[in-house]
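Single-structure report; data block below.
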Amino acid sequence: MSGSSLPTGRNPIHLSIRDDGRGFDPDAILGDGTPHLACRSLRVRSKRLNAPLKISSRPGQGTIIELTVPLTATPTAIPKTDECHQ
């Protein structure tokens with residue numbers, strides 16, 4: 001089962017995306033200093049919005065991605081060579 005939720009009318013906005021797929025070992029992907037491109041991209045973009053990002057996953061258990069975006073967030077400029085495009 002997969003799903004997402006995006007409540008409206010609140011500050012901040014909390015986005016939660018969940019799936020029951022293969023999952024992954026976050027320590028293997030996020031902890032070795034060379035994160036997977038998708039995870040790195042999510043982190044760069046959430047940082048631009050000053051939005052805390054939580055990625056929870058375990059092999060065979062699916063993945064949950066949670067992002068909390070303040071409605072007062074003002075994105076910072078994207079440098080021509082940000083982390084996602086190196």
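The values are calculated or read from the model by the stated rules, or taken from the named source; none is laboratory data. Just so it is clear, the model here is predicted, and its values are computed rather than measured. All Cβ positions, even for glycine, are placed from backbone atoms using ideal geometry, and neighbour counts span all protein chains on display.
Give the number of residues within segment 60-86 that are over 18 Å from Asn11 (Cα atoms), of a type outside the set (Lys, Arg) and at pLDDT below 90.
Within segment 60-86, residues that are over 18 Å from Asn11 (Cα atoms), of a type outside the set (Lys, Arg) and at pLDDT below 90 number 10.
Out of the residues in segment 27-42 meeting the condition of being surrounded by fewer than 16 Cβ atoms within 10 Å (Cβ to Cβ) and closer than 24 Å to His14 by Cα, tell me which one is modelled with the highest pLDDT.
So the residue we want is Ser41.
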